[in-house]
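In what follows, a single structure is set out as structure tokens and then discussed.
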Amino acid sequence: MKLKKWLLLTALVVLQTMPAGAQRVVNRYGLELVRVKGGYKLMDENKIVSHGIFDLETVPGDMYTPYSGKRVFLKDDDFHHCTTQEYVFKTYPGYELKLAVDLPEKQEGPVPYIIWIHGGGWHEGNFGAHSLHSRYLASNGVAGVRISYSLLSQGAVFQDTWQDIQDAIAFIREHAAEWGLDADRFGFAGHSAGGHLAAYAAMRTPGTKLLVALNGIYDLVHTVPDFVPSSRHDVYFNLSSEESRKEVSPVTYVHPGAPYTILTYSTGDTLVDKQQVKTFVSALRRAGVPFDLWQKDYYSHSGFLGTDLLEPTLMRILLACYQHL
């Protein structure tokens with residue numbers, strides 16, 4: 001029964017961005033499959049070939065096999081030794097911005113915390129996206145605060161989003177003692193667009209101890225057609241000049257003394273160009289910032305969140321929190 005619950009949780013992470021009513025078939029790597037005569041093919045096969053994302057002639061034998069779950073080591077109980085409370089931290093005409101605080105059930109003094117920033121292309125998503133990850137850390141002594149922010153779909157531009165994140169940070173600090181948080185031991189984490197925002201916040205927020213950016217976007221000066229950001233982000237980011245692109249790029253703010261950084265990249269990512277992580281890594285090296293790059297071949301954009309990489313990713317993030325927060 002616990003295994004079934006875990007597989008359900010994993011499936012929810014993988015499918016969190018699916019349109020209502022859609023049915024997806026994915027392989028072990030989180031890449032979507034479509035049925036063809038005699039088997040399956042990759043949904044994004046044309047883009048994979050045209051952009052040289054990987055060579056279809058040398059893929060592993062299970063590339064075209066639907067993924068139905070693997071044996072797991074974490075139990076459902078490993079995610080439930082925490083409590084969760086939601087708060088409104090900011091109000092706009094027509095909508096509220098909320099955050100969720102995941103706290104360890106048993107606290108012996110103030111605990112470190114991670115601020116989780118959701119993805120969704122800066123256009124959609126909510127603070128529930130990283131519930132699984134945050135609750136796992138909280139169940140093991142590292143609190144999580146999952147925040148929301150104004151979206152492109154709500155008429156926001158990047159500076160609105162950044163102000164929301166700053167306001168969320170201020171709200172967290174205001175309530176840190178009440179929640180039992182150690183205000184001096186914190187980091188940021190996020191995936192995709194959330195990876196961009198987490199990296200931006202980590203590089204610009206004094207005192208940050210850790211950054212975990214999963215398949216994020218870091219350099220908006222050097223972008224590639226058919227990868228994010230796309231033309232619909234031109235106004236949101238004000239991509240009209242090189243200078244304005246630099247202003248919204250996390251790589252611009254990398255500096256000596258920046259927080260320990262964990263980056264992930266999967267070579268089957270069809271949304272984020274591989275040069276993004278390479279550029280960020282180069283900047284970290286130049287600044288002498290310690291980092292760890294976790295790279296896996298063939299896995300999808302969300303591979304570290306909902307495939308057989310999920311468990312080791314959670315455990316490695318927890319270890320990094322113990323070491324750096």
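Listing for the model above:
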item: Amide H contacts of L181 (H built 1.01 Å from N, under 5 Å, at least 5 apart or other chain); result: V111
item: Highest-first arrangement of 262-268, 81-87, where packing means the average Cβ count within 10 Å; result: 262-268, 81-87
item: Among the listed pairs K246/K296; K209/K274; K75/K106, those beyond 21 Å (Cα-Cα); result: K246/K296; K209/K274
item: Most positive-pole-ward Cα, F171, P60, C82, against dipole of the chain from beta carbon charges; result: P60
item: 14 Å beta-carbon shell around S282, net charge (K/R +1, D/E -1); result: +3
item: Value of Rg to Rh for the stretch 135-195 (Rh from inverse mean 1/r over Cα pairs, i.e. Kirkwood); result: 1.01
item: Hydrodynamic radius (Kirkwood) for the stretch 249-325, which is based on Cα pairs only, to one decimal in Å; result: 13.4
item: Which of K209, K106 has the fewest Cβ neighbours within 10 Å, and the rest in rising order; result: K106, K209
item: The chain: projected area of the alpha-carbon convex hull, averaged over directions, in nm²; result: 17.3
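Any read-out appearing in this document is the output of simple, stated calculations on the displayed coordinates, not a laboratory observation. These numbers come from a predicted model, not from an experiment. All Cβ positions, glycine included, derive from the backbone under ideal geometry; neighbour counts span all protein chains shown.
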